[in-house]
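Here, each number is a calculation from the coordinates, and none is a lab measurement. No experiment lies behind these values; they were computed from the predicted model shown. Reconstructed Cβ throughout: ideal geometry from the backbone, glycine too, with neighbour counts over all protein chains shown.
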Amino acid sequence: MLAATNPLIKVIPGLMIWTLVSFAITLFVLKKYAFGPIQKLIDDRRDRIRASIEEADRAREEAKEMLEEHRRLVGDAKGEAESILAEARKIADAQKERMRQETEEDRQRRLEETSRQIDQATQQALGQIREEVGSLSLLAAEKITKKTITDSDQKRLIDEALAEIDFSQLEASRS
């Protein structure tokens, strides 16, 4: 009975019907003019956010692909640079070896030429010494015999004198 004494809890059928009608009208108006547009704004915003997220995901994937492509290109460039450097080193080594060989060949050629010139000069000097020894021997023989020697005797005496002289020591000392 306590419920009947409070006027807010008291059931009044006319007020209840008007309250229900007001609620229905308010609900209809809110649904038609407020909830629909608000829900549409919320849906539009959700779609924009979803599209932005999808676009960000696509951009991130694209950035990953570009980064991988960049890394691959950098790796290719490094590999190509290494191969170019290796080729350049190989060429430099080959040129250095060729220059060394050419220098060695030139040195050998000059040594051989110098050796040949020394041999020629030695042979020429030995020839001159032989001629000088022969002339001196002939002159000494003429003075000893006090007579002139014929050409055949002169040749024979020179050959005998030269045979007795040991030129091998001169040639050995040259080596």
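Annotations for the structure displayed:
- By the helix-only formula, in which each DSSP H run with n ≥ 4 contributes -39500 (n - 2.57) and the sum is divided by residues, the chain has a 222 nm mean residue ellipticity of -31500 deg cm²/dmol.
- For the chain, the number of Lys pairs separated by eight or more positions or lying on different chains, with C-alpha atoms closer than 25 Å, is 7.
- Cα long-axis angle, helix 36-145 against the chain (0 to 90 degrees, to the nearest 10): 0
- In this simple spin-label model, placing a label point 7 Å from the Cα along the Cα-to-Cβ direction at both Leu136 and Arg100 gives a separation of 5.2 nm.
- Among Ile42, Ala59, Met16 - extreme Cα towards positive end, dipole of the chain, charges at beta-carbon: Met16
- Label-point separation, Thr5 to Lys143 (7 Å along Cα→Cβ), nm: 18.4
- Full extension of the chain between Glu61 and Ile42 gives 4.0 nm of extra length, using 0.36 nm per residue less the Cα-Cα distance.
- The simple Förster model, with R0 at 45 Å and r as the Cβ-Cβ distance, assigns Ala34 and Ala77 a FRET efficiency of 0.10.
- Rounded to the nearest 20, the Cβ-based charge dipole of the range 13-174 about its Cα centre (Lys and Arg +1, Asp and Glu -1) stands at 1620 debye.
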